[in-house]
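Chemist: The structure that follows is given in the form of structure tokens.
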Amino acid sequence: MKQHSRIVAFMVLASFASIAGQTFQMDQKAYVPFDASTTVALECPDSAAAPWLESHLKEWYGDYAPKVAAGVTGLAAEGDEGYAANVDASGVKIKANALAGVKWASYTLRQLAIAKRGTMKTDGMILPTLSITDSPHLAFRAVHLCWFPETRPQQIERAIRLAALLKFNYAIVEPWGTYKSEKHPWRCWPNAPMTKAETSRLVALGKDLGITLIPQINCYGHASFSRGGGSLKHSALDMHPEYAPLFEPSGWNWCLSNPETQRVLRELIAEMHENFGNPPFFHIGCDEAEPQTCPECTKTPNVELVCRHIAGLSEFVKSRGARAMIWHDMFLDKKDPRWKDFVKNGNAEYVEGLATLPKDIIICDWQYSYGNMKGKREEWPTISFFAEKGFSVAGCPWMNYNAMKPMADYIVKTPGGFGFIETTWHRLRGKEWRLMYMRAADAAWGSSVSHDVSFQRSLRMVDGDMKVKDYLDTGYYNTQIPSEYSGD
Ligand SMILES: [Zn+2]
């Protein structure tokens, strides 16, 4: 168990997303140079660590970048992602067992460094004296990012970079008709921005920053690759009605009795998985589906058709060396009184069908506290339900900020608790973006609540790294007058 954080001196920036701190001591009055006169003493047995740190210090600080002196001692405990950082009059020291821990340590120092005082232009940085020993609360810490046709591509890169800076280690990227498949070009909107080259660039960027990108394709419901409600848009059928046999008549679900559906989805999965660098996970969606309605699908019990479909795709993902992830909601019975205040869209037959699914599937249990979005729920029985059925389970909050910390704590203590996925949907903007990222990062690292200033400073670092030139790509709204944020 971790000891409580010990904060010797608190400054306005002391509370940062994703610093948990078995020990966390800082003195805001005693700063030391962090510039070209500094040599960071790095102790890490990973030979990739020193070159990575050196090149990134150079990228962030240019001519006044500190130098790096490498040793191989490492850290006694804390795993691959843990780190220790010490700053005092004798210098700056980082210890970690692997490059991952060095990355997190360097982000912490970067967030705490400020420009040296007394000049017009920056002439070096300074760091408060501090002592931090830290490691993540959860091994799997993800954000879920939706790439809508309306999303500025720059926003996706900002979201990936910021997630890494806040020490998330995975980002699930769900294109909403925006992935330009070369195998099946009819499956996306015209001028889809997520080209093969752009995807490879973002995947490589994420890898360098410490965040692995996971692809997603909705393989059951949401087959329109559009939102429900009133949009009625379909990224395939609106412009390519000739592909109608692949979908149920309404277009919302894929037609699961058509063998061509499984073939097309496997080809799409293979293409995206390879484009993403063959990561260890692939999200196949499966939320908010409707009962199948076509004359062929209705010949087979719905649950049998669906489970066979999901099992086939998950076996295919497994054959590629990865694990499939699915949303949970079709596998909770909406009539079950235990789930009164929880998200559920299934029935008793689906619950029985769970037993037929391969157990290496990761269930992504999205629970948004719809009854009370401000509630602080301590118990998460749906997570236990799936874990007891033999699945790994990821807890997935959204804007239920107060529930994030207890949900993360519940996952840690639950056998089968796999990780934490912060979903963002169409709210990757405005104060919601800020709160989702900050509170989720705090929960995933077991930190106390961070100060919002750290979000602003971190976002500005991202924009500096991207060298943004457009007013629309600064801050967390596109524009300030009028705000484009409508509340929905
Ligand atoms: Zn059908």
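The values are calculated or read from the model by the stated rules, or taken from the named source; none is laboratory data. Note that the structure is a prediction, hence the values are computed from the model and not measured. Neighbour counts run over all protein chains shown; Cβ positions are idealised from the backbone, glycine included. Heavy atoms of the whole protein, side chains included, go into the accessibility calculation; ligands, DNA and RNA do not. Shrake-Rupley method; radii C 1.70, N 1.55, O 1.52, S 1.80 Å.
Chemist: Distance between Cα centroids, segment 70-107 to segment 417-446: provide it in whole Å.
Modeler: Computed from Cα coordinates, the inter-centre distance equals 26 Å.
Chemist: Here's another thing I want to ask about it. Using Cα atoms only, what is the angle between the long axis of helix 259-275 and the major principal axis of the chain, expressed in degrees (0 to 90) to the nearest 10?
Modeler: 10
Chemist: Working out 0.36 nm times the residue gap between SER231 and ALA115, then minus their Cα-Cα distance, what length gain in nm do you get to one decimal?
Modeler: 37.0 nm
Chemist: Work out from phi, with θ = phi - 60° and the Karplus expression 6.51 cos²θ - 1.76 cosθ + 1.60, the ³J(HN,Hα) of each residue of segment 112-122, listed in order in whole Hz, and give x for Gly and Pro.
Modeler: Values, residue by residue: 8, 6, 10, 5, 4, 7, x, 10, 6, 10, 4 Hz.
Chemist: First compute the accessible area of segment 23-134 with a 1.4 Å probe, then give the percent of it belonging to carbon and sulfur atoms.
Modeler: 54
Chemist: Of the options VAL143, PRO259, TYR437, report the single residue whose Cα projects farthest towards the positive end of the charge dipole of the chain (beta-carbon charges: Lys, Arg +1; Asp, Glu -1).
Modeler: Result: TYR437, furthest along the dipole toward the positive end.
Chemist: Pull out a ≥ b ≥ c, the square roots of the eigenvalues of the alpha-carbon gyration tensor of the chain, then state rounded if a/c is under 1.5, prolate if not and a/b is larger than b/c, and oblate in the remaining case.
Modeler: Prolate, since a/c reaches 1.5 and a/b exceeds b/c.
Chemist: First select every other residue whose beta carbon is under 12 angstrom from the beta carbon of TYR220; then total the charges, Lys and Arg +1, Asp and Glu -1.
Modeler: -4
Chemist: Per residue of segment 417-429, in order, report the coupling 6.51 cos²θ - 1.76 cosθ + 1.60 (Karplus, θ = phi - 60°) as ³J(HN,Hα) in whole Hz, putting x for Gly and Pro.
Modeler: x, 9, x, 9, 10, 7, 7, 10, 6, 8, 10, 7, 6
Chemist: Once a ≥ b ≥ c are taken as the square roots of the eigenvalues of the Cα gyration tensor of segment 23-134, is the result rounded (a/c under 1.5), prolate (a/b larger than b/c) or oblate (a/b not larger than b/c)?
Modeler: oblate
Chemist: Within the chain, what's the longest stretch lacking GluC sites (Glu not before Pro) that sit in DSSP loops with no more than 15 other Cβ atoms inside 10 Å?
Modeler: The answer is 1-149.
Chemist: Before I look further, what does the chain give for accessible area per residue, probe 1.4 Å, in whole square angstrom?
Modeler: Per residue, the chain has 41 Å² of solvent-accessible surface.
Chemist: Here's something else I'd like to know. Which order do you get for LYS58, LYS93, LYS299 if you rank them by accessible area with a 1.4 Å probe, largest at the top?
Modeler: LYS299, LYS58, LYS93
Chemist: Beyond a 25 Å Cα-Cα separation, which of these cross-linked pairs lie in this structure: LYS334/LYS374; LYS405/LYS467; LYS344/LYS405; LYS233/LYS334; LYS103/LYS183?
Modeler: Correct reply: LYS405/LYS467; LYS233/LYS334; LYS103/LYS183.
Chemist: DSSP beta bridges in the chain, what fraction antiparallel, as a percent rounded to 5?
Modeler: 35
Chemist: Also, quick follow-up: Helix 49-61: angle to the longest alpha-carbon principal axis of the chain, degrees 0 to 90, nearest 10?
Modeler: Its long axis makes an angle of about 80 degrees.
Chemist: Something else: Starting at the first residue of segment 201-207, write each ³J(HN,Hα) from the Karplus equation 6.51 cos²θ - 1.76 cosθ + 1.60 with θ = phi - 60°, in whole Hz, x for Gly and Pro.
Modeler: Per residue, the Karplus-derived 3J(HN,Hα) values read 5, 5, 5, 5, 4, x, 4 Hz.
Chemist: Tell me which residues come under 5 Å, amide H to amide H, from ILE172 once H is placed; ignore anything under 5 positions away on its chain.
Modeler: HN-HN under 5 Å from ILE172: VAL143, HIS144, LEU145, ILE214.
Chemist: How many nm is it between the label spots at GLU242 and ASN191, if each spot is 7 Å from the Cα in line with the beta carbon?
Modeler: Calculated label separation equals 2.4 nm.
Chemist: Continuing with the same structure: Let me have the relative contact order for the chain, percent, based on Cα pairs under 8 Å that are six or more residues apart.
Modeler: After rounding, I find 14 percent.
Chemist: Related question: Set Lys and Arg Cβ to +1 and Asp and Glu Cβ to -1, take the dipole of the chain about its Cα centre, and tell me which of THR39, HIS426, ALA322 lies farthest positive.
Modeler: Highest projection toward the positive end goes to THR39.
Chemist: CYS44 accessible area, nearest 10 Å², 1.4 Å probe?
Modeler: Roughly 10 Å² of CYS44 is accessible to a 1.4 Å probe.
Chemist: Explain nothing, just the number: dipole magnitude of segment 120-193 about its Cα centre with +1 on each Lys and Arg Cβ and -1 on each Asp and Glu Cβ, in debye rounded to the nearest 20.
Modeler: The dipole of segment 120-193 has a size of about 140 debye.
Chemist: Could you work out how far the C-alpha centroid of segment 28-66 sits from that of segment 301-372, in angstrom?
Modeler: Computed from Cα coordinates, the inter-centre distance equals 46 Å.
Chemist: With unit charges on the beta carbon (Lys/Arg positive, Asp/Glu negative), name the residue among VAL393, GLY375, GLY353 whose Cα is farthest towards the positive pole of the charge dipole of segment 309-424.
Modeler: GLY375
Chemist: Moving to a separate point now. Treating only the Cβ atoms of Lys and Arg (+1) and Asp and Glu (-1) as charged, compute the dipole magnitude of the chain about its Cα centre; round to the nearest 20 debye.
Modeler: 1000
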